[in-house]
Every structure is written in structure tokens, then in C-alpha cells.
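The values are calculated or read from the model by the stated rules, or taken from the named source; none is laboratory data. Note that the coordinates shown come from a computational prediction; the quantities given were computed from them, not determined experimentally. Neighbour counts are summed over all protein chains in view; Cβ atoms, including those assigned to glycine, are modelled from backbone coordinates with ideal geometry. What goes into the accessible areas is simple: the full protein's heavy atoms, side chains included, and nothing from ligands, DNA or RNA. Shrake-Rupley method; radii C 1.70, N 1.55, O 1.52, S 1.80 Å.
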Amino acid sequence: MPLLVDGLKRLEYRGYDSAGIATLVNGQIERRRAEGKIVNLEAVLEGRPLEGAVGIGHTRWATHGVPNEANAHPHATKRVAVVHNGIIENFLELRGELSGDENPFETETDTEVVVHLLTRYLDQGMTPEEAVEAALSDLHGAFALVMIFSGEEDLMIGARRGSPLAIGYGDGEMYFGSDALALAPLTKRICYMEEGDWAVVRRGGATVFDAAGDTVERAVLETGLSGALIGKGNYRHFMLKEIHEQPTVIGDTLHTVLNPATRSITMPAMSCDFAVVPRITISACGTAYYAGLVAKYWFEQFARIPVEIDVASEFRYREAPMPEGGVAIFVSQSGETMDTLSALRYAKSQGQYIISVVNVPESSIARESDTVLQTHAGPEIGVASTKAFTTQMTMLACLAIEAARVRGGISAAKEAKLSNALAEVPGRASEVLQNRKRIADLAPLISDARDVLYLGRGLSFPIAMEGALKLKEISYIHAEGYAAGEMKHGPIALIDDSVPVIVIAPGNDPLFEKTAGNVQEVIARGGKVIFLSDRSGIDRMTRQAQPAATIELPVIEPFVAPILYSIPVQLLAYHVGVLKGTDVDQPRNLAKSVTVE
């Protein structure tokens, strides 16, 4: 029991609002859970100690509403206990199928369906291993799972799909951990499970299976003593690790505001009324500014609220007139960006209601805001923002849905559709990351270029600008992002066979055909186009003109396409930087948090 609690403490940096552990006591599952910080769980354990040599523990954000003990992990029946990171996309369908079973549902969490699904298979006479393999074929989404079973004193089973999971090898003892940092004091021998793996762990070792159910060998690595090195896991750079963490952290962010049972959004209580807000002002710097620019499209299209957006370093000096009853939104990873903080103070002096979207809730920007919407990206070590950007967009998308609902801009059915689309993002992001080799193979098309153009329309336009910024930051290649419709107004003069053009165009985007027309113009002038779309978009594009290369992405609702399409442009910049030999984690001349003008 102390080992479990200590391991949870090493993961406190991720943030959480409830915690719990479960162990086997005389072969039976027993749990202790508490809302709030781990100190509350320790108080529960002091009054009601837990014995046992097999156990699991978890810290989590409440899925919906006020955090409470009922929603805290582990979830359990008499036969199995489960801890879970991620999102089960087909939770509602599975819940409907399982609701007639003997074991009643006690929460509205998506995790609980895993427990009941496993219990059903166990009740049918399956072994734990058979039950897990069957259950995994039923689950859709991005997740990491660890399970213990009543009567099985020498067994734990873990599975990963999209969310990280590591196996620790000890001396006559074995461990699972979502982060190798949690395992660092227990063992230096770590196996990082690969996408789709699941593992049967006993005291004497582990048997790992791939997604097809075949036994596979995975390397067991000797970690160094450095916590920073362990923090990289088996990734070459922090930036790559943080790109791969996006299915998890997008899910973590969604968990705080998305009710998986009703597929509705519930934001923290605010004293502003979006029904009567005359205008939203958004201000941020760098990558965070592009997150705000995506949000401008969302607020105007769905909530029908006019939005003004500017980079904070310009906004703070314009002395812009601001309307009575207006809302000002400030976006920052660190919450300490000086230009953004100064812009916030100006907006506050003009009587605006201040909302901040930050990753650090104790930051200066958070402290001076009326409402804080925390992203749950966890620490971002790489200077070039990746997971902070996608979680910022995730939270802003949720806020836009809330505003649209309050203003009557969307129906309950439309809210459910958009919320469903958000819930699918972690799973689709995991699919994109599985295609990383294809993206890495395209890096040589860009690495020798002096100039690169990125094009997109509508919601893809800010992602084009963010893609160009990433390439500049990581590879030191000059790059610019343009609205595709602006090509004929100047940038097309740059096109020749030495200028790669990266085009972001989801196939189901209403503006796809217009973007495809711009691509034809580029190809006709000898431009080397790398075309990012889904299969239907790629097929339609190649019938009109032949890009130099394509990157196929999963089909997804256009509303959330900016979040998903950010990942391949991040990976492309990363692999070009690696090919050029730059320091991708700490690019020259850049700092993680800009606290001066």
C-alpha cells in the first residue's frame, strides 16, 4: 500500500482532483478512494488501512461536475478492478448493451463500462486473459488500462492504445506505470509498451501481446539515474514524447468538462452571461495566438459572437475601445507571458470579464483572471509548444460549444454531435501517430529548402500558420503560412520547384474544392505540394492534379479538424529538425516562457 501511494505522489505534477487505490485482501478486491488531494486518501487509509501485495492506484480529474468519491478510480465489481487513462469513445453503446446485466452502474463515467464488460466475460467462464482480449476488441478510443482480478494473487494485466504505459521489472516483483517517473525508485529496468500492446504480468515476469494477440518481445531498457532522462521515456527528444502524449492530454482536458453520458459540455461557473455578451476579445502570443485564432472561427460560426483577436504585444499598446459587458480571453501555456499579462491588465481596466486558458493554475495570468480554464497538458519541456497547443484548442472548443448553447446557436443534438467529435479526437490522434514513419519519410523533401509555404482555408488557415512557425522554430528554415485564397494576391510569385508547399485540406471541409483549385495553380507552376487530407480528399485531389506527396489522416468532423491536423505538421517540423541536426528541444535564441517584452 505505501508503494502505491508513493507512486501516485510522483505523478502529482500532472494535476488531479481525486485519488484511490485497490488491492487484493484474502483474494477479494478492496478499495479506498477520496476526492481532493492525496493527503485526503492518506487520511482515509490511516483510518481504514489496506493490506495486500497486489494493487493498483490512480489520480484523475473528475469526468463531469463536482469531483467525488464515486467517480474516483479504481472502478470495480466483485470480480475485477480497473484504472484507466483516456476516453472510451463507444461508451454509450457499450453501456446500453451492459445495462441489463446483474451489476448495476454506479457512475456516469466511461471507465465503468470496462469493468462491467470484463465482468460479463468472466461470468461467461473466460479466464482473465481471455476476458481482456475479448474486451479490448470491443473498446474504441485512446486509453491505457491496468486490471487486477479477485482470486488472482499473482496477476495484473495492462493494455495501451494511444495512452502510454510502461512495465517495470523488479526482483520477484513487477510494476505497471503510466509514467516511468512513477517507477523510478522501484526499478531501473523498464519496458515501454508499444501501440496496441497488452501484457500479462506475474511476479516472475511479463508476457506481451500485440494488437493481433500474438506474443511479442519488447526491449527491457536500463534507465539512467536522471529523472530528466527517465522523463523522456524511450523517445529521443522531449518534443517527440510530448507530441505522442497528445491523445492522453487531450483526453485529460476533455474529462474536466465533457459529460460522457450525455455528451454535453459543462464549463466552470462564470458570472458573465454569454447570451448577452456583445463581443469577445482574444489575445495571446506565438502558438497560443493561433489557438485563439481557431477559436475566433468557432465563436463566430457557432455562437454568433463577434470576435476581435490580436497578438498581445500589439493589443496592449493600441488602447483599443472595449464594449461594456465584453469578455476577454487570454491564452498562455505558462501563464507568465509578460505581453499577455499586460494585455489582460488593460482589458481588466476596461471592465472586461477575464477568462484565461492556461496550463499552470498558480500562474500570474490565472491569479488575475475572473475564470480560469486549465488545460491539462502536464509539464511541457520542449520549447516549441505541441501538446499545450492542442489542449488549448480543446478547451476553447468546449467554451465555444457552451457559448453557442447559451445563445441558442446550436441545438442539443448539434451540441451532442460536436461533443462526440471532440471525444473522438484522442483516438484519431493515436491513429495519426501510428503513421509517423510516413511523415518522417517526407522530411527530405523539405530539409534542403530555403523557403516553405503552408496553405489552408477557414479553420485550416491558423494551422497553416502554426505549421510554418513550428518549422521555423525547429529547423531554422524560413516558412510562411497563408490563407489559400491569398495565393493569387502575391505569394504565388514565390512558387517554383525549389519551394515545398504544404497544404492542409480535410476532405469533408466545406471549402475543400476551393483549396484544391489553389493546389492546382501551385502544381501548374512547378511547386512541390505535400497534401494533408483524408482518403476521400486525397482521391479527389489526385484526380485534378498530382501532389509530390500525400499524408492521409482519419476522417473527422470539420469542427475538430484543426486539433487533429496540428499533429502531422508538428511531426513534419520535428523530423526536418532532426534531419538537419538542430536542437529540437531547445532551439537557438528561444525561451519556453517569455517574461520580458
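For the reader, a short list of remarks on this structure follows.
- In Å, descending, principal axis extents of the Cα set of region 389-468: 51, 26, 18
- The accessible surface of region 25-122, taken with every protein chain in place and a 1.4 Å probe, is 46 percent carbon and sulfur.
- Region 410-435 and region 544-588: distance between their alpha carbon centers, rounded to Å: 19
- Cα shape, region 358-404, gyration tensor, a/c 1.5 rule: oblate
- Euclidean distance between Cα centres, region 442-507 to region 241-306, Å: 26
- Using only side-chain charges placed at the Cβ, +1 for Lys and Arg and -1 for Asp and Glu, the dipole size of region 16-140 relative to its Cα centre rounds to 440 debye.
- Between Tyr454, Ala34, Val220, the Cα set farthest toward the positive side of the dipole of the chain (charges on each charged residue's Cβ, about the Cα centre) is that of Tyr454.
- Packing order of peptides 247-259, 444-456, 515-527, highest average first: 247-259, 444-456, 515-527 (average count of other Cβ atoms within 10 Å over each peptide's residues).
- Projecting the Cα positions of Val560, Leu579, Pro510 onto the charge dipole of region 506-597 (unit charges on Cβ atoms of Lys, Arg, Asp and Glu, taken about the Cα centre) puts Leu579 furthest along the positive direction.
- Fraction of accessible area attributable to carbon and sulfur, region 431-551 (%, probe 1.4 Å): 50
- For the chain, diffusion coefficient by Stokes-Einstein and Kirkwood Rh (Cα), 37 °C, 0.692 mPa s, µm²/s: 132
- Dipole of region 216-371, positive direction: furthest Cα of Ile250, Asn359, Pro268, with charges on the beta-carbon: Ile250
- Partner aspartates and glutamates for Lys580 [C-alpha distance under 17 Å; skip if fewer than 8 residues away on the same chain]: Asp441, Asp448, Asp451, Glu473
- With the convex hull drawn over the C-alpha atoms of region 40-156, the volume per residue is 115 Å³.
- Each helix, a run of at least 4 DSSP H residues, gives -39500 (n - 2.57); summed and divided by the residues of the chain, these come to -11000 deg cm²/dmol at 222 nm.
- Heavy atoms of the protein chains alone define the surface here; on that basis the chain has 37 Å² accessible area per residue at 1.4 Å probe size.
- Counting only alpha carbon atoms, the long axis of helix 460-475 and the longest principal axis of the chain meet at about 80°.
- Global geometry of region 290-412, whether rounded, prolate or oblate, following the gyration tensor of its Cα atoms and the 1.5 cut on a/c: oblate
- Kirkwood Rh in Å, taken over all unlike Cα pairs in region 124-245: 14.9
- Taking one quarter of the surface of the convex hull spanned by the alpha-carbon atoms of region 359-504 gives a direction-averaged projected area of 11.8 nm².
- Peptides 494-501, 530-537, 121-128, ordered by how many other C-beta atoms sit within 10 Å of their residues on average, highest first, read 530-537, 494-501, 121-128.
- Given +1 at the Cβ of Lys and Arg, -1 at the Cβ of Asp and Glu and no other charges, the dipole of the chain around its Cα centre is 1180 debye to the nearest 20.
- Residue ranges 149-157, 25-33, 111-119 sort as 111-119, 149-157, 25-33 when ordered by packing (mean number of other C-beta atoms within 10 Å per residue, highest first).
- Alpha-carbon centroid distance for the pair region 93-116 / region 349-406, whole angstrom: 33
- Sum of side-chain charges, Gly55 neighbourhood, beta-carbon under 14 Å (Lys, Arg +1; Asp, Glu -1): -3
- Oblate is the label for region 294-353. Its Cα gyration tensor axes, ordered a ≥ b ≥ c, give a/c of at least 1.5 and b/c at or above a/b.
- In region 252-343, the GluC sites (Glu not before Pro) that fall in loop regions by DSSP, at most 15 other Cβ within 10 Å: Glu319, Glu324
- Greater than 20 Å apart at Cα, pairs in Lys387/Lys472; Lys488/Lys514; Lys9/Lys78; Lys9/Lys37; Lys241/Lys470: Lys9/Lys78
- Loop sites in region 75-139: trypsin sites (Lys or Arg not before Pro), DSSP, at most 14 other Cβ within 10 Å: Lys78
- Net charge, Lys387 excluded, C-beta distance under 9 Å - Lys, Arg +1, Asp, Glu -1: -3
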